[in-house]
Amino acid sequence: MSSMRTTGDVDFHASSGFIPISWYAMDAMRYMHEYGATREHFGAVAVKNRWHASMNPLAQYRKPITLAEVLEQRPIVEPLGLYDVPGRSDGAACLVLASEEVAKSLGKPYALVRGRGFCHDGSHQINEVPNDMTELIAAKQASATAYKQAGVDAKQIDVAEFYAPCTVVEVLVSEAVGFFGRGEGAPAAAEGRTKLGGSIPISVSGGLTSRGHPAYVTSLYNYCEMADQLRGRAGERQVKDARLGLTTGELGNYNAALVHVLEAQR
Amino acid sequence: MTLELISVARTRAYPPRVSAFTQPFWEGLGAGKWQSTCCEACGKSTFPPKPVCPHCWSDRMAWKDLPARGTLYSWTRIHSAPKVFVDEAPYAVCVVDLENGLRIATRLVDQPGKDFRCGMPVELVVLQYEDGPLLGSRPL
């Protein structure tokens, strides 16, 4: 549904035929131009997330795929192909919130919100004053706020669930929240650093491309995965000793971002 | 600045909303005139046109011509289009940085012999559909 609607300013963008993922595709094209990233780098994210999804009974697409299969898919929004973008999903998600006193009284593991950051960059898809579009400044600032509140830094995060509809977005967010330097997110993904067992597992649920992307539900869906990870309930795809988790939600071309840092209490 | 008019033998799939305020823009564009509002207080142009300056909040805004050339910041070709655009797919769209420092987003029009690439110079053109104009960019 949502990934196929027209988008942007209704007077001056929508008539040209922009769709939500076309903005991410333009991020990809620019990022490749500036940093020499390749379709193989982005494809590695799709392969990795499908592998994660193969261990998630709730995931929409669970059959493992190869990099060659990702690269041979038909183009959807160049340079992104079918497996770089989300399919259509329906879904529901639910979290139970309680005061810490109540959570403690149950005698079971729970997760605490340690930090929260929100930022809107003030633009509608693009900033009329040219900026670095692939920097995702809202995610950068929101995560800085969340880290500060939590009293932690990016290096301490054990697991992350991003709102990343396309493979390229996961790469860009991994840089914006400080896991990798600019231009290093793509090679890091290709080297396996973001997979289960890597230095910072991302989208262990399978992410939006494989777990599924029921738009409007997706942000909360990410928190469900994080709640499972931090309570040690993620089964085969459990990140060992996960204590600090980071989640993101967004709108536009990450023009706004909401970032949480959560902590396991066991 | 007068832009080249390119005839397109169809109607616009998703015509823009036109308000009393934006009517001068669309009427002008139909005649190749590329303009937006410029702030008389701080001198900065803005696009889309606005009745209040986003830089200094002045409401002393006047229509002013914009440069017809810029640089291709990024682009994509959309193969899977929403139902309303499916007859035009695949089609390309882009983000362009104009020579006066404004960033805009438009359709991207083929120029035979020129592959699209980030950083290439482009010029703005008017796509003259049967029912009205749309802005486009084309490699130089």
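Readers should treat all values here as calculations from the given coordinates under stated rules, not as data from a laboratory. Source: prediction; values computed, not measured. Counting neighbours? That spans all protein chains shown, and the Cβs are built from the backbone with ideal geometry, glycine included.
Numbers at a glance
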{"read-out": "Built amide H within the under 5 Å cut-off of residue A:250, gap 5+", "value": "A:258"}
{"read-out": "Alpha carbon centroid spacing (whole Å) that separates segment B:1-68 from segment A:52-96", "value": "40"}
{"read-out": "3J(HN,Hα) from dihedral phi, segment A:159-175, Karplus parametrisation 6.51/-1.76/1.60, rounded to Hz, x for glycine, proline", "value": "7, 9, 10, 9, 7, 9, x, 10, 3, 4, 5, 4, 4, 5, 5, 4, 7"}
{"read-out": "Phi to ³J(HN,Hα) by Karplus 6.51 cos²θ - 1.76 cosθ + 1.60 over segment A:45-54, Hz, x for Gly, Pro", "value": "5, 5, 5, 4, 5, 5, 4, 4, 5, 4"}
{"read-out": "Difference of contour (0.36 nm per residue) and Cα-Cα distance, residue A:66 to residue A:88", "value": "5.8 nm"}
{"read-out": "Chain A, relative contact order [Cα under 8 Å, separation at least 6], %", "value": "28"}
{"read-out": "Computed [θ] at 222 nm, deg cm²/dmol, chain A (DSSP H ≥ 4; -39,500 (n - 2.57); rounded to nearest 500)", "value": "-10000 deg cm²/dmol"}
{"read-out": "Other-chain or far-sequence residues with amide H under 5 Å of residue A:77's (modelled H)", "value": "B:79"}
{"read-out": "Electrostatic dipole magnitude of segment A:2-265 [Cβ: Lys, Arg +1; Asp, Glu -1; Cα centre; debye, to 20]", "value": "920"}
{"read-out": "More than 28 angstrom apart: percent of Cα pairs within the protein assembly as shown", "value": "49"}
{"read-out": "Computed lengthening from residue A:240 to residue A:132, 0.36 nm per intervening residue step minus Cα-Cα distance", "value": "35.3 nm"}
{"read-out": "Separation of the residue A:33 and residue B:40 label points, Cα + 7 Å toward Cβ, nm", "value": "3.7"}
{"read-out": "Cβ-derived FRET efficiency at R0 30 Å, residue B:11 paired with residue B:120, nearest 0.05", "value": "0.50"}
{"read-out": "Sorted by Cβ density within 10 Å, fewest first, the residues A:248, B:76", "value": "A:248, B:76"}
{"read-out": "Sequence-distant residues sharing a close amide H with residue B:4 (under 5 Å, placed H)", "value": "B:126"}
{"read-out": "Added length on full extension, which subtracts the Cα-Cα distance from 0.36 nm per residue, residue B:86 to residue B:55", "value": "7.4 nm"}
{"read-out": "Choice from B:75, B:26, B:57 showing the highest fluctuation, given a GNM over chain B with Cα pairs closer than 10 Å", "value": "B:57"}
{"read-out": "Inter-label distance, nm, simple model (7 Å from Cα along the C-beta direction), residue B:110/residue B:69", "value": "2.6"}
{"read-out": "Trypsin sites (Lys or Arg not before Pro) within segment B:94-129: DSSP coil, no more than 13 neighbouring Cβ in 10 Å", "value": "B:117"}
{"read-out": "Quotient of C-alpha Rg and 2.2 N^0.38 Å, computed over segment B:4-139", "value": "1.09"}
{"read-out": "Gap separating the Cα centres of segment B:87-118 and segment A:118-197, nearest whole Å", "value": "27"}
{"read-out": "GNM flexibility winner over chain A from A:87, A:36, A:207 (Cα, springs under 10 Å)", "value": "A:36"}
{"read-out": "Theoretical ellipticity at 222 nm over chain B - DSSP helices of four or more residues, -39500 (n - 2.57) apiece, nearest 500", "value": "-1500 deg cm²/dmol"}
{"read-out": "DSSP bridge pairs, segment A:2-265: antiparallel proportion in percent, nearest 5", "value": "85"}
{"read-out": "Dipole axis of segment B:4-139 (+1 Lys, Arg; -1 Asp, Glu on Cβ), positive-most option in B:134, B:6, B:37", "value": "B:37"}
